[in-house]
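The values are calculated or read from the model by the stated rules, or taken from the named source; none is laboratory data. No experiment lies behind these values; they were computed from the predicted model shown. For neighbour counting, all protein chains shown are included, and Cβ atoms are generated from backbone atoms with ideal geometry for every residue, glycine included. Heavy atoms of the whole protein, side chains included, go into the accessibility calculation; ligands, DNA and RNA do not. Shrake-Rupley method; radii C 1.70, N 1.55, O 1.52, S 1.80 Å.
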Amino acid sequence: MAKNSPQKAAISPTRAEDYAQWYQEVVRAADLAETSPVRGCMVIKPWGYAIWENIQRVLDGMFKATGHKNAYFPLFIPKSFLEKEAEHVEGFAKECAVVTHHRLVAGKDGGLIPDPEAELDEPLIVRPTSETIIGAAFAQWVQSYRDLPLLINQWANVVRWELRTRLFLRTAEFLWQEGHTAHASEAEAREETLRMLDVYSTFAQDFMAMPVVRGPKTPSERFPGAVDTYAIEAMMQDRKALQAGTSHYLGQNFAHSSGIKFLDAEGQQKFAFTTSWGVSTRLVGGLIMTHADDDGLVLPPRLAPAHAVIWPVFRGDDTRAAVLETIERLGKSLRATRYDDRPVQIETDLRDMGGGDKQWEWIKKGIPLRIEIGPRDVAAGTAMVARRDRSPKDRESIPLAELPARLPALLDEIQASLFERALAVRSENTRAIDQRAEFDAFFTPKNAQKPELHAGFALSHWCGDPKCEAQIKDALKVTIRCIPSHGIDRCAAAERLNEAGACIVCGQPSERRVVFAKSY
Ligand SMILES: [Zn+2]
């Protein structure tokens, strides 16, 4: 493993060598998470969990600012609940964990077996999502139009029995939030659906520094049981799309199946209109794949568990006390400043280990700023400051007295530079394509300039026929990520979004382009 040699990266393999393996190695090197003895489930370690806690804290504030309240519903869903909505059960049946017994007894060979006497009358499903169990509660809570809108969010874990899993991106159990709302009218429910899509988009761009395109999904990509599904989609560094959040307009489908009814102002009984929306720990995977580089994780300051780390450089015992005292004073003054909506978080690393190893450990963890203080800095009243968005060797000497005031500005600069960098990657790899041959070449790795990478976003025409969509998916494993309404900008192709053209498959007329990409 490379340490101080500039030509070699700290993460092996690099992105260009093996992107999938690079991702796993970044997760390991940054100490974010690990696989667990339970197949498909992850252990989220403190540095990774702290990122999730920051995501939760910011989003929770945004949900409350838009009128939502948190509640909690059961982990288990009776099988009959899931069966109430036909499309919904069909969509999730393939990946459900089912509880059938409530007691274990000793088996013949000494192990434990489910007690045949303790079989449940009705199996319970470990929630894959909670529309049905929350719908049952809403049916009780909603009687009159005065009870609406009902705006609820739940922070929870869910289980979808995935066979091929990757830490954060796809795991059998994951953490998420699911918003569920009920409204008196279609217009209000549709407004809510778009409002929450907007919240997700703002969060992704302003906090994760991850550019997203947003818009409705095609019917074949909708959430099971939804009338309309909207998504935010981001381009990862391997140029695949990551669906980072979804917001669903459910119409009256779940209100009918769960019996969410209300008396309107005229005393007429009506079914409510509902929505649901969610983001998950998958966002952490998106954050890694948007910003990490060949030296490890790179964290946007607004979500970083800590903003800066300070460590001492000793040159002999006689200066030790002075260095430590300077570090303590600096730590205190930095912690007294604020960045964003929270006090600046400072790690002080006094472990007895080499400065080189220490530096690389923090680089791999992606901390935005690294501050070194040695005897010469103490004498000069300065500190050596390095930014994670720049080369490891690029360091600046900053007067100690100025550092508390400079810190928020430095963090803002890093936050902005990460967004710009991610936007540049997306812009460079987004193209308007009208010819099928060019489209096929764009999505065929052996024809790409860098064969290890997939090609990016193609803004192409689609007639609206699911058969054309399916043909592209079968031939190239490429799907329509969304019909973009916002968020594709600052690239030449985006200006051609709304021009009319011909379907890339059948040549039938099309009014606007959609986003085609390979995806996670
Ligand atoms: Zn077509």
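Per-residue packing, averaged as other Cβ atoms within 10 Å, sorts the ranges 282-289, 218-225 into the order 282-289, 218-225, beginning with the highest. Measuring between their Cα centroids, region 43-84 and region 180-200 lie 18 Å from each other. The local environment of P375, defined by Cβ-Cβ distances under 14 Å, has a net charge of -2 under the rule Lys, Arg +1 and Asp, Glu -1. Each Lys or Arg adds one and each Asp or Glu subtracts one; over the other residues with Cβ under 10 Å from the Cβ of R342, this totals +1.
Taking all Cα pairs closer than 8 Å and separated by 6 or more residues, the relative contact order of region 1-78 comes to 13 percent. Does anyone have the angle between helix 282-291 and the longest principal axis of the chain? Alpha-carbon axes, 0 to 90°, nearest 10? Once rounded, the angle reads 40 degrees. Cross-link check: pairs K240/K393; K45/K358; K69/K94; K94/K364; K69/K332 evaluated at a Cα-Cα cut-off of 29 Å; pairs beyond the cut-off: K240/K393; K69/K94; K94/K364; K69/K332. Take every Cα pair under 8 Å whose residues are at least 6 apart in sequence, average their separation, divide by the length of the chain, and the relative contact order is 14 percent. Sequentially through region 426-437, phi angles give Karplus couplings (6.51, -1.76, 1.60; θ = phi - 60°) of 5, 4, 5, 10, 10, 9, 7, 10, 10, 9, 4, 4 Hz, Gly and Pro residues having no value and appearing as x. Computed from Cα atoms, the angle from the helix 186-202 axis to the main principal axis of the chain rounds to 20 degrees.
Using C-alpha pairs under 8 Å with a sequence gap of at least 6, the mean separation divided by the residue count of region 1-148 gives a relative contact order of 15 percent. Could you compute how fast region 369-492 diffuses translationally, taking Rh as the Kirkwood radius over C-alpha pairs and applying Stokes-Einstein at 25 °C with viscosity 0.890 mPa s? Give it in µm² per second. Once the numbers are plugged in, D ends up at 132 µm²/s.
Taken as Cα centroids, region 222-240 and region 303-323 sit 44 Å apart, rounded to the nearest whole angstrom.
Please work out the Kirkwood hydrodynamic radius for the chain, using every pair of different C-alpha atoms, and report it in angstroms with one decimal place. Value: 25.5 Å, from the Cα pair sum. Across every direction, the projection of the convex hull enclosing the Cα atoms of region 343-434 has a mean area of 8.0 nm².
Rolling a 1.4 Å probe over the protein heavy atoms gives the chain an accessible area of 44 Å² per residue.
When the accessible area of the chain is computed with all protein chains present and a 1.4 Å probe, what percentage of it is carbon and sulfur? That fraction is 51 percent. Only the Cβ atoms of Lys and Arg (+1) and of Asp and Glu (-1) were treated as charged; on that basis the dipole of the chain about its Cα centre amounts to roughly 900 debye.
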